[in-house]
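In what follows, a structure is listed as structure tokens, so that the remarks can point back to it.
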């Protein structure tokens, strides 16, 4: 008998649906259940053939447990080793190299640091930051968001340099990115399962969560050419990152789909949020993927950093139509006031530099 475990958090309908779907299809030969773990021993034996992970990104104990289980041959959706190493800024850089359209993006140093970080710790940082160069490159509107966050947490839409400084000052120890805001004509959120199956969902990110208005059912929402390009870009991204379950979001402007978010290895699938059709699609697609894996088997990964990324393979790509840069007159700007850490550094050693802003 094969066993499939579901590791989940506050969601209810998706875990219940996927357990029911797998058990019905498994007919007693494949059994799905909620994972139960306690103190994990060093010599813990294999209990599950597959685990669907929905929560370890928020619970370090779960992440460490999944890594231990993976060493015994459990196939984890998604790979806990790569998920631990991944971040959104790397995603953007990789996707751009693969020919996917990405908005102009800048990685920013943290505004604040843990107490043990001193002026000597920050000698390699430019201070003050070239804020004028940054905003001239990205433009406004822009989005300030964590380089490895999710769920629209700590995300701000920025309209001016002063607004950027204000929000940046509130970011604390988070490492942030500033990304060009695409004033989109259309917006889609795409499920991808097994790096192959894609569902393109018309989506309105301006509507409140659980309002019932985020996911809109519109037939022929994208032209056939644009639909094909979005599908190809989704597969390109997920194959390169190695995610078996993911969502990719595109802001579409002037016929160009800009990938703005695609590190979602535990994507929302709750019935009340995504709607019945989308919920059923992801449950059925993931069920089929799990059974295919159990039938065909899976190779144990090499636990080396060079093996974290998927091996080179032929992927579908579309030529990138780069957005034309906007002719914007550069505004004369001044750097924000230095943070406490920076002030101390400047007083002690004038050559020491920090990225903080107050």
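What the table shows:
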item: Residue in segment 64-82 that is nearest to residue 297 (Cα to Cα), counting only those that are part of a helix (DSSP H, G or I) and in contact with a helix residue (DSSP H, G or I) (Cβ under 8 Å, 6 or more places away or on another chain); result: 70
item: Residue 34 being more than 18 Å from residue 299 (Cβ to Cβ) and not assigned by TED's automatic domain parsing to the domain that holds residue 244; result: yes
item: Scope segment 267-283; condition assigned to a helix (DSSP H, G or I) and surrounded by 18 or more Cβ atoms within 10 Å (Cβ to Cβ); matching residues; result: 273, 274, 278, 279, 281, 282, 283
item: From the options 122, 71, 108, residue that is over 30 Å from residue 226 (Cβ atoms), in contact (Cβ under 8 Å) with a residue 24 or more places away in the chain, over 24 Å from the mean Cα position of the chain (by Cα) and assigned by TED's automatic domain parsing to the domain that holds residue 253; result: 122
item: Qualifying residue in segment 165-177 (condition: assigned to a strand (DSSP E or B) and touching a helix residue (DSSP H, G or I) at 6+ places or on another chain (Cβ under 9 Å)); result: yes
item: Options 222, 199, 286, 210; residue that is modelled with pLDDT of 95 or more and assigned to a loop (DSSP other than H, G, I, E, B); result: 222
item: Members of segment 76-91 found to be farther than 13 Å from residue 242 by Cα and touching a residue at least 40 places away in the same chain (Cβ under 8 Å), listed by number; result: 87, 88, 89
item: Members of segment 201-225 found to be closer than 25 Å to residue 98 by Cα and surrounded by fewer than 19 Cβ atoms within 10 Å (Cβ to Cβ), listed by number; result: 202, 223, 224, 225
item: Test: residue in segment 243-263 that is over 22 Å from the mean Cα position of the chain (by Cα), more than 22 Å from residue 90 (Cβ to Cβ) and at pLDDT below 95; result: no
item: Sole exception among (1) within 20 Å of residue 84 (Cβ to Cβ); (2) in contact (Cβ under 8 Å) with a residue 24 or more places away in the chain; (3) surrounded by fewer than 18 Cβ atoms within 10 Å (Cβ to Cβ) for residue 147, by number; result: (3)
item: Residue match in segment 55-63 (condition: surrounded by 15 or more Cβ atoms within 10 Å (Cβ to Cβ), under 20 Å from the mean Cα position of the chain (by Cα) and part of a helix (DSSP H, G or I)); result: yes
item: Residue satisfying condition, being part of a loop (DSSP other than H, G, I, E, B) and in contact with a helix residue (DSSP H, G or I) (Cβ under 8 Å, 6 or more places away or on another chain), within set 217, 264; result: 217
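The values are calculated or read from the model by the stated rules, or taken from the named source; none is laboratory data. Quick caveat: nothing in here was measured; it's all calculated off a predicted structure. Methodologically, a virtual Cβ is constructed for each residue, glycine included, from the backbone with ideal geometry; neighbour enumeration extends over all protein chains shown.
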